[in-house]
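Note sheet for the following structure.
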Amino acid sequence: MRSTKAALVLSLTTAVALAVSACGSSTLDREASGTETEIGTDEIPAVEKDQGMADLVPDEIASDGKLVVGTDPSDAPNEFIDEDGKTIIGITPDLAKSIGQKLGLEIELKAAPFDAIIPGLDSGKYEVGMSAFTDTKEREKTVDFVTYTFAGTSWAVQKGNPKNITPDDACGAKVGVQRGSTHLKDVQDKSAACEAEGKDKIKISQYPVLADAATAVASGKEDAWLTDLQVVAWSVKQSGNELEIVGEPYETAPLGIALPKGTELTQAVQQAVQSLIDDGTYEKIMKKWGVEDSMIETAKINDAKF
């Protein structure tokens, strides 16, 4: 691997551009365009079927041996299209395939716009939705969730944190953030708190795309940048660990697998995810994608915090 600054900046630009591409709009509907997608999960060892869990799968799903999963593949490292233009890779396909193996089901991933997945569960187009859904009380009115990770705000700096920055102590630092994001207000509030304490305010730079903020830290133009935990973790991994996460994530909320309200499949999926957590497969998946800081110990049903 090259370790030049130019190579690092290019790597970060690519990684973060992929990661934030779904933040403002839905991905291309690959079903509508006719593009075929495949699942790329070769690095995760297969797991054995658990007959007790398989017996919980509703007959209409078990009869054809297939679980149809709706996902929006535009959110690295959760789910995104590989360089071949057709293979879906990321946390979602790895986890979905392992769940399928536990339940004795083949996984069929169907790419779809993010906002079409939950309605697709209600209509029967999809049997499961896996697309980094935040488990919220509002969504729980129409679907059930099985939690598998959590999201939150996280900060990254250059390796070694030469300016000794933390999310709670960034006064006087140069911080990059995406223009118009919720993270902008966060850092503005922190800057105001610095001034109220008689300290130097945070020098905030707003970038039109988050990739620019990440590469600015890599080049030394900025001291830190902040965004969603998984995106930061993925970008640190892609940088060859020349960057690092500082502090603990905050404003966290669980992410969940969405299922039709009241389906017996929810219990089967919850038990499968918990089994993957217990046997270490889940940890392998999360470490593969550099997001072990967002692992959970217990898969829960409907664990919304707000």
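Here are some notes:
- Residue list for region 119-146, restricted to those being in contact with a helix residue (DSSP H, G or I) (Cβ under 8 Å, 6 or more places away or on another chain) and either closer than 25 Å to Met295 by Cβ or in a strand (DSSP E or B) (or both): Val128, Gly129, Met130, Ser131, Ala132, Phe133, Arg139, Val143, Asp144, Phe145, Val146
- Qualifying residue in region 243-260 (condition: surrounded by 18 or more Cβ atoms within 10 Å (Cβ to Cβ), charged (D, E, K, R) and touching a residue at least 24 places away in the same chain (Cβ under 8 Å)): no
- Subset of region 172-187 (residues that are farther than 17 Å from Ser154 by Cβ and exposed (fewer than 14 other Cβ atoms within 10 Å of the Cβ)): Arg179, Gly180
- Residue selected from region 205-215 under the condition crowded, with 21+ Cβ neighbours inside 10 Å and among the small types (Gly, Ala, Ser), by the criterion farthest from the chain's Cα centre (by Cα): Ala213
- Criterion violated by Gln267 - all others in (1) more than 29 Å from Thr166 (Cβ to Cβ); (2) in contact with a Gly (Cβ under 9 Å, 6 or more places away or on another chain); (3) open to solvent by 60 Å² or more (accessible area, probe 1.4 Å); (4) not aromatic (Phe, Trp, Tyr) satisfied: (2)
- The set of residues in region 200-216 that are in contact with a strand residue (DSSP E or B) (Cβ under 9 Å, 6 or more places away or on another chain), of a type outside the set (Phe, Trp, Tyr) and not in a helix (DSSP H, G or I) comprises Ile202, Lys203, Ile204, Ser205, Gln206, Pro208, Val209.
- Residue within region 141-152 that is of a type outside the set (Ser, Thr, Tyr), open to solvent by less than 10 Å² (accessible area, probe 1.4 Å), closer than 23 Å to Gly240 by Cα and modelled with pLDDT of 95 or more present: no
- Hey, Ile88 in contact with a strand residue (DSSP E or B) (Cβ under 6 Å, 6 or more places away or on another chain) and over 20 Å from Gln267 (Cβ atoms) or not: yes
- Residue selected from region 55-67 under the condition part of a loop (DSSP other than H, G, I, E, B) and in contact (Cβ under 8 Å) with a residue 40 or more places away in the chain, by the criterion farthest from Gly124 (Cα to Cα): Leu56
- Pairs are defined by a Cβ separation below 6 Å, a sequence spacing of at least 6 or placement on different chains, a first member in region 84-101 that is open to solvent by less than 10 Å² (accessible area, probe 1.4 Å), and a second member that is assigned to a helix (DSSP H, G or I) and not hydrophobic (A, V, I, L, M, F, W, C); the pairs so defined are Ser98/Thr281.
- Filter result (modelled with pLDDT under 90, farther than 14 Å from Trp289 by Cβ and either touching a Phe, Trp or Tyr at 6+ places or on another chain (Cβ under 7 Å) or outside any strand (DSSP E or B) (or both)) within region 217-238: Ala218, Ser219
- Taking the criterion of being at pLDDT 95 or above and assigned to a helix (DSSP H, G or I), the residues of region 163-191 that qualify are Val187, Gln188, Asp189, Lys190, Ser191.
- Within the set Gly52, Gly40, Gly85, Gly70, the sole residue that is over 23 Å from Leu121 (Cα atoms) and at pLDDT 95 or above turns out to be Gly52.
The values are calculated or read from the model by the stated rules, or taken from the named source; none is laboratory data. Predicted model only: the values in this text are computed from it and were never measured. Cβ coordinates were reconstructed from backbone atoms using ideal geometry, including for glycine residues, and neighbour counts include every protein chain displayed. With ligands, DNA and RNA removed, areas are computed over all heavy atoms of the protein, side chains included. Shrake-Rupley method; radii C 1.70, N 1.55, O 1.52, S 1.80 Å.
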